[in-house]
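Worksheet: the structure to be examined is printed underneath.
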Amino acid sequence: MEILNRKVAYLGPEGTFTEEALIKFFEKKLCKDSEDFKKIVKISFPTIPDVIKSVDRGEVNEGIIPIENSVEGSVNLTQDILTFESEVKITGEIAIPIKHHLIIKKGTKLKSIKKIISHPHATAQCRIFLKNNFPESEIIAANSTAEAVKKLNETDGGSAAIGTKIAAEIYGLDVLISDIEDNKENKTRFVVVGSYISPKTEHDKTSIVCFLKKDKPG
């Protein structure tokens, strides 16, 4: 049966690494200029459980969520829900480099930046860059790098955000300095989940979950 619009849930808001992973996964799978790619409707959800539940309920065709980071390790929430709380199946995966960029409003000068807005994980992953270039700047926390860029767009000036290029494009902002992350090998693996079992590809992976039936001391 042809799907008129392929609804894909992702961890939002717009401009997150998860949205970037979604775009790259389906660009590779369907070809960017294909009619099937143009039928994709991206739907953002605020949490990982919300993404997975939307697939379980049949509100969307697929969802994409982070499952593992090369620096910080497994995303335990994703693994727990997939193992114990959901019937969805993993149908695909993609690993993308985690590239952080210093984003500004048009016309902002480097020397005028007194505040840096971003998610705590992003500022931690750019610690050396911030120490060397903005030792006196105030660090302001946001719920995501995408939210940080949105907040920057609402400021009067003298601020910058750490976020993705896609977020900068969404809000019409400029990337002042690219690739400011300390670890250039940092990657996050995302999985695509659906209610169906995908056909064999001869390049399949199997994930095995082991746990104790009863937890006890010792």
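Things to note:
- Some residue of region 79-88 being within 19 Å of Asp182 (Cα to Cα) and among the aliphatic types (A, V, I, L, M): no
- Picking from residues in region 156-197 that are closer than 17 Å to Glu14 by Cβ and in a loop (DSSP other than H, G, I, E, B), the one that is nearest to the chain's Cα centre (by Cα) is Thr164.
- On the stretch given as region 26-49, residues that are in contact (Cβ under 8 Å) with a residue 24 or more places away in the chain, touching a strand residue (DSSP E or B) at 6+ places or on another chain (Cβ under 8 Å) and surrounded by 14 or more Cβ atoms within 10 Å (Cβ to Cβ) total 7.
- Single unsatisfied condition, Ala122 versus (1) touching a residue at least 60 places away in the same chain (Cβ under 8 Å); (2) under 19 Å from Arg189 (Cα atoms); (3) not basic (Lys, Arg): (1)
- Scope region 91-105; condition out of contact with any Gly (no Cβ under 8 Å at 6 or more places or on another chain) and of a type in the set (Lys, Arg); matching residues: Lys99
- Residue satisfying all of: in region 176-193; of a type in the set (Val, Ile, Thr) and in contact with an Asp or Glu (Cβ under 9 Å, 6 or more places away or on another chain); modelled with the lowest pLDDT among these: Thr188
- Per the listing Ile52, Ile64, the residue uniquely among the β-branched types (Val, Ile, Thr), surrounded by 20 or more Cβ atoms within 10 Å (Cβ to Cβ) and not in a helix (DSSP H, G or I) is Ile64.
- Of the criteria (1) touching a residue at least 12 places away in the same chain (Cβ under 8 Å); (2) among the acidic types (Asp, Glu); (3) farther than 22 Å from Glu14 by Cβ, which one Glu59 fails: (3)
- Any hit, region 30-39, residues being over 22 Å from Ser118 (Cα atoms) and among the small types (Gly, Ala, Ser): yes
- Residue that is surrounded by the fewest Cβ atoms within 10 Å (Cβ to Cβ), among those in region 99-132 that are over 26 Å from the mean Cα position of the chain (by Cα) and among the polar types (S, T, N, Q): Asn132
- Number of the condition not met by Phe84 [criteria: (1) surrounded by fewer than 16 Cβ atoms within 10 Å (Cβ to Cβ); (2) closer than 30 Å to Asp156 by Cα; (3) aromatic (Phe, Trp, Tyr)]: (2)
- Any hit, region 7-25, residues being in contact with a strand residue (DSSP E or B) (Cβ under 8 Å, 6 or more places away or on another chain), polar (S, T, N, Q), surrounded by 23 or more Cβ atoms within 10 Å (Cβ to Cβ) and more than 15 Å from Val192 (Cα to Cα): yes
The values are calculated or read from the model by the stated rules, or taken from the named source; none is laboratory data. These numbers come from a predicted model, not from an experiment. Note that each Cβ is placed from the backbone with ideal geometry, even for glycine, and that neighbours are counted across all protein chains shown.
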